[in-house]
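Participant: Sharing a structure, written as structure tokens. Questions coming.
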Amino acid sequence: MLIALYLALAVAIIVYPLTPAIGPYLLNGMQPAEAYGPYPMAYGPAIQAIRNGERVVTNEMVTAYVSMPSFHASSALVYMWGAWRLPLIRWPILALNMTMIFAAMPAGGHYFVDLIGGVLVGAAAIWLSGPILQASARADGSNLLGHEEQPFKEPSER
């Protein structure tokens, strides 16, 4: 699960600067409710300045950016995948993370396409994590940390 999270985060960090977006609130001239605090959309003026040709980064421009792909959506998918084998927390984790995915639009300032991109990045990270983990296994049966490989067993098999 950690490998998948790191992969998704790496893709998000690489792609974010290439896909700057001011978000639906600022695009439509709206401000989110004050319940979100004083800095939720602080990236809007910074992106506007960059789009207008500003090439000097000032302290006001250093802020958290929201863009494509949504790492909220990527990480939510990875968390759901990681919890799926754990029957006691499977459904609460599924509900909580589905809420996080869909809340990223009204609360996080994402467009719907950002969520789709995030889910695709999360799915690709999950898919790639298996081969990466297998490639890390050594011929003597240990992994990169030197620990013996232990196959996952369902609780009923223990």
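Participant: Using the per-residue mean of other Cβ atoms lying within 10 Å as a proxy for protection, in what order, highest first, do the peptides 8-14, 67-73 fall?
Facilitator: 67-73, 8-14
Participant: Can I ask one more? Once amide H atoms are placed 1.01 Å from N in the peptide plane, what residues at a sequence separation of 5 or more from MET105, or on another chain, have their amide H within under 5 Å of its amide H?
Facilitator: Placed amide hydrogens put HIS110 under 5 Å from MET105.
Values quoted throughout were computed directly from the atomic coordinates according to the rules given, and no laboratory measurement underlies them. Predicted model, so just to flag it, every value in this text is computed and none were measured. All Cβ positions, glycine included, derive from the backbone under ideal geometry; neighbour counts span all protein chains shown.
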